[in-house]
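The values are calculated or read from the model by the stated rules, or taken from the named source; none is laboratory data. A quick note: this is a predicted structure, and the numbers were derived from the prediction, not measured. Cβ: placed from backbone, ideal geometry, glycine included. Neighbour counts: every protein chain shown. Protein only, heavy atoms only, side chains kept; ligands, DNA and RNA dropped before computing areas. Shrake-Rupley method; radii C 1.70, N 1.55, O 1.52, S 1.80 Å.
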Protein chains: 2
Amino acid sequence: MKQYLKMDEWNIIEEGFDEDNNEVSEGIFSIGNGYMGQRANFEEIYSGKSLKGNYMAGVYYPDKTRVGWWKNGYPEYFAKVLNSTNWIGIDISIDGEILDLAKCEVKDFVRTLNMKEGYLSRSFVAKLPSGKQVKVDAKRFVSITLKEIGAIKYSITPVNFEGELSILSYLDGDVKNEDSNYDEKFWDEVSKQCDEDGSSLIIKTKKLDFHVCSAMKLDIVKDGKKVDYNHVFIKAEKYVGNSVTLTVKQNEEIVMYKYVCNVTSRDYEIEELLEVCNKNLEKACLKGFETLLKDQAHAWGEKWKQSDIVIEGDVSAQQAIRFNIFQLNQTYTGEDDRLNIGPKGFTGEKYGGGTYWDTEAYCIPFYLSTADTSISRNLLIYRYKQLGKAKENARKLGFTKGALYPMVTMNGEECHNEWEITFEEIHRNGAIAHGIYNYVNYTGDKSYLGQYGLEVLVEISRFWEERVSFAPSKGKYVMLGVTGPNEYENNSNNNWYTNRIACWTLEYTSKVIDYLKNNEDQRYLELAQILGLKEEEISKWQDIIKNMYYPVDAELGIFLQQDGYMDKEQILVKDLDPKHLPLNQKWSWDRILRSCFIKQADVLQGLYFLQDEYDLDTIRRNFEFYEPRTVHESSLSPCVHSILASKLGNQEKAYEMYLRTARLDLDNYNDDTKDGCHITSMAGSWMSIVEGFGGMRVEDGKLILNPFIPEKWGSFSFKIMFRGNLLKVNIKKHKVIITSENKKLITLSVNGKDYTTENEIEVLS
Amino acid sequence: MKQYLKMDEWNIIEEGFDEDNNEVSEGIFSIGNGYMGQRANFEEIYSGKSLKGNYMAGVYYPDKTRVGWWKNGYPEYFAKVLNSTNWIGIDISIDGEILDLAKCEVKDFVRTLNMKEGYLSRSFVAKLPSGKQVKVDAKRFVSITLKEIGAIKYSITPVNFEGELSILSYLDGDVKNEDSNYDEKFWDEVSKQCDEDGSSLIIKTKKLDFHVCSAMKLDIVKDGKKVDYNHVFIKAEKYVGNSVTLTVKQNEEIVMYKYVCNVTSRDYEIEELLEVCNKNLEKACLKGFETLLKDQAHAWGEKWKQSDIVIEGDVSAQQAIRFNIFQLNQTYTGEDDRLNIGPKGFTGEKYGGGTYWDTEAYCIPFYLSTADTSISRNLLIYRYKQLGKAKENARKLGFTKGALYPMVTMNGEECHNEWEITFEEIHRNGAIAHGIYNYVNYTGDKSYLGQYGLEVLVEISRFWEERVSFAPSKGKYVMLGVTGPNEYENNSNNNWYTNRIACWTLEYTSKVIDYLKNNEDQRYLELAQILGLKEEEISKWQDIIKNMYYPVDAELGIFLQQDGYMDKEQILVKDLDPKHLPLNQKWSWDRILRSCFIKQADVLQGLYFLQDEYDLDTIRRNFEFYEPRTVHESSLSPCVHSILASKLGNQEKAYEMYLRTARLDLDNYNDDTKDGCHITSMAGSWMSIVEGFGGMRVEDGKLILNPFIPEKWGSFSFKIMFRGNLLKVNIKKHKVIITSENKKLITLSVNGKDYTTENEIEVLS
């Protein structure tokens, strides 16, 4: 944990340059627009520690799986989000001396992520080894109105000299992934142009043939006027650059505008890439940097209108939640139904940019409430489209029926290769089913069930049916050899959460079947035919539901995380010398495995998902048992605890866990932000406020709020979209005001009482 | 499974050349002398499938650990037995055309491993693409009288032509390991010589600085006379070669003798390597090939006198057991106490040549009975010397005391990196303790206990003490998160075998402490001081012994392999469609894990080790339960089953399991012999006959025999060394004859009755 960023309600601010923070900042200050994104690398060359990252959504590489000891069933490849053409590059030299912050004395360094308007800026004065000082102001963004466009304003002012200033602006496709095996590079050059007519570069991936075309245009402005200059054109392997050399005077500001367009073969025919790219670039240049930036600010304003959370009296909490919402909106916009949400978004390579169960368990609730319904629907359809591959995956592992969705995927194929995760962390299948429930429950869009939902539910149910086995010794169905959400247990038997979510899937699938039988009988018959659905299997599911074994500790009145959990030595985290934390850095794996310590909510994850099924006392007993044993070494853990603590009235714990989830990256809690931000858990931060402090849930189509306000806060408000209504929920110390921002009639329940309005409700509390 | 070798009592014979069998044959026909060894690669160049292997015992490489996902506690390196200088190379060309069996028509091919005399021979007629036919007879061995010497006789006869014959004889250090990461080569050249004064090459490993010096001398003989010839000297990177070109006539035999000496920096100072090497080579050349070979045959004769097993009426069984004994004696001679027995010996790279628990569990019984006591004592001392590293290893994994011996090691450090094995397969510690018991019980050498044994026993006991935990839920000690001998279960709780061998260690250590207190009180006090041994810990051990939890199925009257084993679907191997076998090639890992199928004896391994503690009915119930669930996909499994089946009077099963262990490689049972032979399990084949069919055991210092004879056999006999006696045990259909070959007085028990003799006992049965 390290706090070096300045507190501010709308900005993330780094003041002063510390090389040791650079990689962390590169992650935190990342910018993106759902279509492309990048880490906050410097424009100019930097020889210090840096993880370079420019990413195009959906462009990945199936790198050969690397493993010490092969196990049957491992996937052939591990997909990697691709570091793509570096299009921000602007190298500066002054009288031949290179501007490289690693080799300069850096003064007045400020890096800012302006979340309100959606841009990254940086300014500093660098003293070069020669003693020459240069002032730089850089600003850049990836447009959310013209998604293929990125723009940079890079201004240079000689502070104490006059001389020759060279500016080399380039597109560099000769880049690599840090996580590539054998240091292999993944790109080949297709073509390039670099002359009077323009600069562009097309590269393609060595496998899968993704083409990325980038084109750039440059303007140089002095005294508010465009300067005509002599280009020097530079071409190299997978590289094009334009170099300009100007004689500059002391205190004379030179501004370079760099406009770039990036298009890919995911959206266009290969032959038209260059033409489209140049056309879009032309359009952007016509607008010019300042207009583009104004559009950007306006568009971000619209986003904030739908999704902002305002907290009074707690800058740290305010900054954190805006950062979380901002990064989520930068990562995924829902416009492209082939895409999903990688755990690191555009902020790093880790986890390969693949899709995890995080999407259903954490992100869907966020997008349900803060964006158009079509966005979360697209996330569900993403899985629907991959059903065939999920069935193949189950076959590969020896199942004769059903679908097992992969732990990590780009295109539906599994691409993770730890047996205890890949093969055993099958609860993900349940989360995917639960995502469907969540969507339908929130939106009321039951049409989804007949259209797409049932097929997925039936195939997942079939998987569970085959995955459980009947243990005559217990007279019950059991599920052996699984890893639950708590990955600090592997290959355990009867993980309560997995058993429960499996049966819940069978229950929900059965309900959906009944619903369709009764309401869409024609479609149901059609689906039954397509799926070869038989009454016997439905009744087999009922048998499993009735006779599933659940481990419990009757005396404590709790569900047991898995068989034998109480055989472990029971120690609480608070009684552990802090020098042992984080366990995953301090302890050997076997020690972690046989300890009682929990990486992330497991039983509690189930109680969160299915909270309507359990009374408060049950939730409390389990919370009070498991929370003190949980080390939260997964980013996905604190939010679930925060929400349940809110529900249980434990406001202090709820607030503590909120800060932990919301400031996870800003304060680098787990010392891993240099790899990138924890994007998917940011949705959990949002949930902690809206579902936790706000007590929001939907029951039988009705929106329910049971809010409280953390002691430290003066007030807070959040926006939610609910069935066509855009609601602002404003919670003050003794009052809750709910405003329908689009003046639509709504009935909702606040603190157990129903209210109907098309304007504003004020509830004293 | 594939049978292509000819049955013969003393030889392994391959007739006819089939490229597809070559790598398997390279493993099976391997030769070695404990000091060095090699796969049966061809002398001449061969472009077909081949795994090159020349190994110098104890020369290894700490290759960087390769792993997909790093876990805390993994070792930094995975040790690899090194493919070293290829010293057998003799390339042949005829009028410029290269002799390469992959490109010739091969006739009359015969490869023979003469086990009686200890050499490898090969003969064939090759028709080259040009139509020229050449007859080759090659014979080679690594000397067991001059262990640094290898010698080759390579004879070439033109069948249907006359022309220019070139013979290029070389030493090539530019070799690689197939299992190297990133195709890296592990050797650097130090120096070389190749001129009138001789040919030699010194190379050294890139890490650890092992130097290997090889020197060669050549003689060419025609018509029984040495030929003077013109050398061409060839030098290249890590390579020296002598080329000779002769004009040859049809049917004129040219014989090349190649003598090589290999010495390493393990035995000599680096500066003296070359001198020693040349001196030894000189000595060998003076003797000449035929004399060296005669010495070899004689020395092997002596080995056979001590260790031969003769089977009448079953060539297949006879050939197999001799092959097993031969390979064991080729692998380990016990002369160098820094060495141990790699699972593949000198026959392949797999398993990195490291030391496993195989040594204690399987090999020590063999060497105890077939070699001087000092040999098995050296194997124990090997572990004693590594006690410090085993303690470090325990510390690395977070234990505050005790020693955990590594799963795989070269020098005492762990070098395996699968968490479920490295961290969890801790029963190995028990086998190492049991090895001490076994040695003392067999030899009566109690001096070992005070000298070395107790220190190891106490540190292992301390490990067990810390590794168990008390489960209030059970009121018992439990052991969580282990992998038993059956590696088809991982991270299981209360593996019966591990719990038992842990408690057995505590029991035995306590007994040894009592013995020393009573018999070597001074040494005991000294040891107690060195070890900081306290009465409290000894009484803590008693508490653990008394209160250890053992999973059982009371109804079936069996020990349960681990908690929850009976929750698995119970299927027998015989009811499994054979298309599923071997499981490790056909099933995904998760499917294997949650099935009831057993890779190798687990509970039965414990009942074998501790058979004196369990009555026959208990052994029978467990055998009858577990054997039908065991797939024997570990080479170490069938022998234990064979021995127990013998004990239970199930002769048919005992014989079936004997063939499975003894012919495992010859018949390539598990389709993996191309990687090399299963050396350590070969000791299990020997045990199957001596301890199984022969019913040999030692109780309270007395040798006990309870033999039976497999139906198919006319008679069988084996030799055992027992406390200074060399006994021949000859079992005929209705008679057992025991002869003291060195005429020493012995009292032993046969079929429950005691006999004393210094000559011969005949017992009717």
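Taken over segment B:1-14, the criterion of being open to solvent by 50 Å² or more (accessible area, probe 1.4 Å), among the charged types (D, E, K, R) and under 24 Å from residue B:313 (Cβ atoms) is satisfied by B:6, B:9. Of the residues making up segment A:684-702, those that are under 19 Å from residue A:749 (Cβ atoms) and either in contact with a Ser or Thr (Cβ under 7 Å, 6 or more places away or on another chain) or assigned to a loop (DSSP other than H, G, I, E, B) (or both) are A:690, A:692, A:693, A:694, A:695, A:696, A:700, A:701, A:702.
I'd like to verify a number: residues in segment A:78-103 that are in contact (Cβ under 8 Å) with a residue 60 or more places away in the chain and away from chain B (no Cβ under 14 Å), how many? Looking only at that region, the number is 18. Select from segment A:535-571 the residues that are in contact (Cβ under 8 Å) with a residue 60 or more places away in the chain, within 14 Å of chain B (Cβ to nearest Cβ), under 26 Å from residue A:506 (Cα atoms) and surrounded by fewer than 16 Cβ atoms within 10 Å (Cβ to Cβ) and list them in ascending order. Listed by number, the list holds a single entry, A:547. Restricting attention to segment A:1-60, the residues being polar (S, T, N, Q) and closer than 17 Å to residue A:114 by Cβ number 5.
Scanning segment A:478-523 for residues that are among the aromatic types (Phe, Trp, Tyr) and open to solvent by less than 20 Å² (accessible area, probe 1.4 Å) gives A:488, A:496, A:497, A:504. Could you list, in sequence order, all residues of segment B:449-473 that are surrounded by fewer than 19 Cβ atoms within 10 Å (Cβ to Cβ) and either away from chain A (no Cβ under 14 Å) or not in a loop (DSSP other than H, G, I, E, B) (or both)? Passing the criteria: B:451, B:452, B:455, B:466, B:469, B:470.
Across segment B:480-494, the number of residues qualifying as under 27 Å from the mean Cα position of the chain (by Cα) and in a loop (DSSP other than H, G, I, E, B) comes to 8. Of the residues making up segment B:386-435, just one is among the β-branched types (Val, Ile, Thr), in a helix (DSSP H, G or I) and more than 14 Å from chain A (Cβ to nearest Cβ), namely B:432. At least 2 residues being over 23 Å from residue B:82 (Cα atoms) and of a type in the set (Ser, Thr, Tyr) is the threshold, and among the strands (runs of 3 or more DSSP E) wholly inside segment B:237-356 those reaching it are B:239-248. When the residues of segment B:703-724 are filtered to those that are assigned to a strand (DSSP E or B) and aliphatic (A, V, I, L, M), which remaining residue is surrounded by the fewest Cβ atoms within 10 Å (Cβ to Cβ)? Here the answer is B:704.
Between B:142, B:134, the distinction of being crowded, with 17+ Cβ neighbours inside 10 Å, away from chain A (no Cβ under 14 Å) and closer than 30 Å to residue B:310 by Cα belongs to B:142 only. Checked against (1) in a helix (DSSP H, G or I); (2) of a type in the set (S, T, N, Q); (3) under 19 Å from residue B:561 (Cα atoms), residue B:539 passes all but condition (3). Does segment B:695-707 include one or more residues that are among the polar types (S, T, N, Q), out of contact with any Pro (no Cβ under 6 Å at 6 or more places or on another chain) and modelled with pLDDT of 95 or more? Within segment B:695-707 (the criterion being among the polar types (S, T, N, Q), out of contact with any Pro (no Cβ under 6 Å at 6 or more places or on another chain) and modelled with pLDDT of 95 or more), the answer is yes, since at least one residue qualifies.
Just one of the listed residues (B:739, B:756) is assigned to a strand (DSSP E or B) and surrounded by fewer than 14 Cβ atoms within 10 Å (Cβ to Cβ), namely B:756. So is residue B:140 in a strand (DSSP E or B) and either within 18 Å of residue B:29 (Cβ to Cβ) or touching a residue at least 12 places away in the same chain (Cβ under 8 Å) (or both) or not? The answer is yes for residue B:140. Screening segment B:572-591 for residues that are in a loop (DSSP other than H, G, I, E, B), open to solvent by less than 60 Å² (accessible area, probe 1.4 Å) and over 24 Å from residue A:490 (Cα atoms) and picking the one that is farthest from the other protein chains (Cβ to nearest Cβ) gives B:572. Restricting segment B:70-81 to residues that are in a strand (DSSP E or B) and open to solvent by 20 Å² or more (accessible area, probe 1.4 Å), which is farthest from residue B:356 (Cα to Cα)? Checking each candidate, the answer is B:77.
Listed by position, the strands (runs of 3 or more DSSP E) enclosed by segment A:171-228 that each have at least 2 residues that are among the acidic types (Asp, Glu) and under 17 Å from residue A:273 (Cα atoms) are A:187-195.
If you go through segment B:205-227 and keep only what is in contact (Cβ under 8 Å) with a residue 60 or more places away in the chain and open to solvent by 20 Å² or more (accessible area, probe 1.4 Å), you end up with B:206, B:207, B:208, B:210, B:217, B:219. Would you check if residue A:499 is within 14 Å of chain B (Cβ to nearest Cβ), in a helix (DSSP H, G or I) and over 28 Å from residue A:385 (Cβ atoms)? So residue A:499 passes the test.
Somewhere in segment B:263-286, is a residue within 30 Å of residue B:188 (Cβ to Cβ), open to solvent by 80 Å² or more (accessible area, probe 1.4 Å) and of a type in the set (A, V, I, L, M, F, W, C)? So far as segment B:263-286 goes, no, none of its residues is within 30 Å of residue B:188 (Cβ to Cβ), open to solvent by 80 Å² or more (accessible area, probe 1.4 Å) and of a type in the set (A, V, I, L, M, F, W, C). Could you grab me the full set of residues in segment B:588-644 that are aliphatic (A, V, I, L, M), within 21 Å of residue B:504 (Cβ to Cβ) and more than 27 Å from the chain's Cα centre (by Cα)? Correct list: B:616, B:619.
Scanning segment B:82-107 for residues that are within 30 Å of residue B:181 (Cα to Cα) and open to solvent by 20 Å² or more (accessible area, probe 1.4 Å) yields B:86, B:91, B:102.
The residue that is farthest from the other protein chains (Cβ to nearest Cβ), counting only those in segment A:592-628 that are buried (at least 20 other Cβ atoms within 10 Å of the Cβ) and basic (Lys, Arg), is A:599. Here B:67, B:110, B:24, B:106 are screened, and the one residue that is away from every other protein chain (no Cβ under 14 Å), hydrophobic (A, V, I, L, M, F, W, C) and not in a strand (DSSP E or B) is B:24. For the residues A:130, A:200, A:166, the requirement of being in contact (Cβ under 8 Å) with a residue 24 or more places away in the chain, more than 21 Å from residue A:56 (Cα to Cα), touching a Ser or Thr at 6+ places or on another chain (Cβ under 8 Å) and of a type in the set (Gly, Ala, Ser) singles out A:166.
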